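Participant: Quick one: the structure is below, and I'll ask about it shortly.
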Amino acid sequence: MPMAARQSINPFKGIAGNVVTLGFVSFFTDVSGEMIFPLLPLFLTATLGAGAAFLGVIEGFAESLSAFLQLGVGILSDRVKDRSRWVLGGYALSSVFRPLVAFATAPWMVLAVRLTDRTGKGIRTAPRDSLIADSVAPAHRGKAFGFHRGMDHAGAVVGPLIASLILAFFTKDLRKVFLLAAVPAAVAVGLILWRVRELPGRVSAAAAPSARLAPPSGKLRVYLAILFVFLLSNSSDAFLLLRLTDLGIPAAAVPLLWTALHVVKASTTMPLGTLSDRLGRRKVILAGWLIYAAIYAAFGWVHHPAAIAALFVAYGLYYGFTEGTEGALMADLAPGGERGKAFGWYNFVIGTAILPANLLFGLLWQRGGPRTAFTVSAILSLSAAVLLFLFIRRIPSARTASAD
């Protein structure tokens, strides 16, 4: 095949440098995190005696803290000279504290560890995402963010698999698995130190726009408002894991299903992000929200273990359609000097909605059962899809986004 033809079908064309390195950083970070997270509901309920409502409290407060930090750090990152330092600090903080869940003897200790872990996420996310956006041409943003999220999910494939192997062949002690999660986390921090660099010609802090807390204006503000409605339906995936075990899925199979879910995420996020570069962001996001509504509705009514396991794996398509696409959308709509602020507000909206979403879902589960909780979430997400269809008639694709 001629060289020109090979280059034309190269799926990685247009992404390199910081994007590739940060993809591998996310890979190893998720190997670490996903050695812990799929087992956390079981650890909290069976070992520490917590209930579904407290699980909602942990995830809600942790993600809300992260969201507040991402807003402030996102605004500041537009003014700093070197965003890579914020990225390093955030990943390092999470890497040190996340494995300490192994020493928890009460539910509140898990909450403390999760709060610190999410503090690290709050510090790193907006500078990292704005660095990714600035590292590629507008026509490749969907692909770049899709690649990054795909690598993140690839790590989430490997992490639960490692946890399952450890539990099956070496130890049944969940705490030892949590401690071993420190190893891939250290690799991620080492990669940042070695390869992640601020872009040459970065606008100096003195020349950057003034830091303002005011929300974005125009179409971006409308989208974030609609996104908030959708996110009220989007409770923690820990509840899906709890639903699996309630319907008779063996504990040893849960990490394997979690792995299969992330295989779907990892294999679809980059292709569907690339698709949004061609078709526009709105169509791809709308498809993802409709898939989410359908699967959550089914989770409330289906009871056969094999069917619920299949739905759980198919749930990964929602992430494939939305994650890379939404990141590219923020970069498309934000002014060049305020991308950190746009990502900060985006993640702030996510985190602000997570607390009420998790509390609502947990309370609905305890008072009305899982069918009520999943049905209400499906209705909320479908309502958000209708709002997106009615009020966001046009979102520019990468082909119409202006270059920096």
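The values are calculated or read from the model by the stated rules, or taken from the named source; none is laboratory data. Not measured: the values here are computed from a predicted model. Here the Cβ positions follow ideal geometry from the backbone for every residue, glycine too, while neighbour counts run over all protein chains shown. Surface areas here come from the heavy atoms of the whole protein model, side chains and all, with no ligands, DNA or RNA. Shrake-Rupley method; radii C 1.70, N 1.55, O 1.52, S 1.80 Å.
Participant: What about Arg83, is it open to solvent by less than 10 Å² (accessible area, probe 1.4 Å), closer than 22 Å to Trp345 by Cβ and modelled with pLDDT of 90 or more? It would help to see each step written out before you state the result.
Facilitator: On the way: open to solvent by less than 10 Å² (accessible area, probe 1.4 Å): yes; closer than 22 Å to Trp345 by Cβ: yes; modelled with pLDDT of 90 or more: yes.
Answer is yes for this residue.
Participant: Take the range 301-331 and flag every residue that is over 19 Å from the mean Cα position of the chain (by Cα) and open to solvent by 10 Å² or more (accessible area, probe 1.4 Å).
Facilitator: Applying the first criterion (over 19 Å from the mean Cα position of the chain (by Cα)) to the range 301-331 yields 301-311.
Within the range 301-331, Trp301, Val302, His303, His304, Pro305, Ala306, Ala307, Ala309, Ala310, Leu311 qualify.
Participant: Kindly provide the set of residues from the range 295-321 that are at pLDDT below 95 and assigned to a loop (DSSP other than H, G, I, E, B), ordered by number.
Facilitator: Answer for the range 295-321, where residues must be at pLDDT below 95 and assigned to a loop (DSSP other than H, G, I, E, B): Val302, His303, His304.
Participant: Still on this structure, I have one more. Can you tell me which residue is nearest to Lys172 (Cα to Cα) among those in the range 237-258 that are modelled with pLDDT of 85 or more and not hydrophobic (A, V, I, L, M, F, W, C)?
Facilitator: That would be Pro250.
Participant: Going by the structure shown, is Gly324 touching a Ser or Thr at 6+ places or on another chain (Cβ under 7 Å), without any contact (Cβ under 8 Å) to a residue 60 or more places away in the chain, farther than 17 Å from Ser377 by Cβ and part of a helix (DSSP H, G or I)? Show your work before the answer.
Facilitator: Values: touching a Ser or Thr at 6+ places or on another chain (Cβ under 7 Å): yes; without any contact (Cβ under 8 Å) to a residue 60 or more places away in the chain: no; farther than 17 Å from Ser377 by Cβ: yes; part of a helix (DSSP H, G or I): yes.
Considered against the rule, which asks whether it is touching a Ser or Thr at 6+ places or on another chain (Cβ under 7 Å), without any contact (Cβ under 8 Å) to a residue 60 or more places away in the chain, farther than 17 Å from Ser377 by Cβ and part of a helix (DSSP H, G or I), Gly324 comes out as no.
Participant: When you look at Val229, is it assigned to a helix (DSSP H, G or I) and farther than 30 Å from Leu174 by Cβ, yes or no? Lay out the reasoning, then the answer.
Facilitator: Working: assigned to a helix (DSSP H, G or I): yes; farther than 30 Å from Leu174 by Cβ: yes.
Considered against the rule, which asks whether it is assigned to a helix (DSSP H, G or I) and farther than 30 Å from Leu174 by Cβ, Val229 comes out as yes.
Participant: Condition test on Gly33, is it of a type outside the set (Lys, Arg), open to solvent by 10 Å² or more (accessible area, probe 1.4 Å) and either at pLDDT below 85 or not in a helix (DSSP H, G or I) (or both)?
Facilitator: Details: of a type outside the set (Lys, Arg): yes; open to solvent by 10 Å² or more (accessible area, probe 1.4 Å): yes; either at pLDDT below 85 or not in a helix (DSSP H, G or I) (or both): no.
In short, no.
Participant: Could you tell me which of the residues Leu224, Leu286 is under 26 Å from Pro335 (Cβ atoms), in contact with a Leu (Cβ under 6 Å, 6 or more places away or on another chain) and surrounded by fewer than 22 Cβ atoms within 10 Å (Cβ to Cβ)?
Facilitator: Leu286
Participant: Which helices (runs of 4 or more DSSP H) does the range 103-202 wholly contain that include 3 or more residues that are open to solvent by less than 10 Å² (accessible area, probe 1.4 Å) and at negative phi?
Facilitator: Values: elements: 107-134, 141-169, 174-180, 182-195.
In the range 103-202, 107-134, 141-169, 182-195 are the helices (runs of 4 or more DSSP H) which contain 3 or more residues that are open to solvent by less than 10 Å² (accessible area, probe 1.4 Å) and at negative phi.
Participant: Six or more apart or on different chains, Cβ atoms under 6 Å: show the pairs whose first residue is in the range 162-176 and within 14 Å of Thr259 (Cβ to Cβ) and among the small types (Gly, Ala, Ser) and whose second is part of a helix (DSSP H, G or I) and open to solvent by less than 30 Å² (accessible area, probe 1.4 Å).
Facilitator: Matching pairs, first to second residue: Ala163/Val177; Ala163/Pro255; Ser164/Pro255.
Participant: Check Leu220, Leu275, Leu242 and return the single one that is part of a helix (DSSP H, G or I), more than 16 Å from the chain's Cα centre (by Cα) and closer than 16 Å to Leu311 by Cβ. Talk me through it step by step, then tell me what you get.
Facilitator: Numbers: Leu220 fails: closer than 16 Å to Leu311 by Cβ; Leu275 fails: closer than 16 Å to Leu311 by Cβ.
Step by step, each of Leu220, Leu275, Leu242 is checked, and only Leu242 is part of a helix (DSSP H, G or I), more than 16 Å from the chain's Cα centre (by Cα) and closer than 16 Å to Leu311 by Cβ.
Participant: So, one more: For Gly14, are the conditions met, namely being under 23 Å from Phe147 (Cα atoms) and assigned to a loop (DSSP other than H, G, I, E, B)? It would help to see each step written out before you state the result.
Facilitator: Working: under 23 Å from Phe147 (Cα atoms): yes; assigned to a loop (DSSP other than H, G, I, E, B): yes.
Considered against the rule, which asks whether it is under 23 Å from Phe147 (Cα atoms) and assigned to a loop (DSSP other than H, G, I, E, B), Gly14 comes out as yes.
Participant: Tell me which residues, restricted to the range 367-379, are in a helix (DSSP H, G or I) and under 19 Å from Ala298 (Cα atoms). Spell out the reasoning first.
Facilitator: Just the residues of the range 367-379 that are in a helix (DSSP H, G or I), to begin with: 367-368, 370-379.
The answer is Gly368, Pro370, Arg371, Thr372, Ala373, Phe374, Thr375, Val376, Ser377, Ala378, Ile379.
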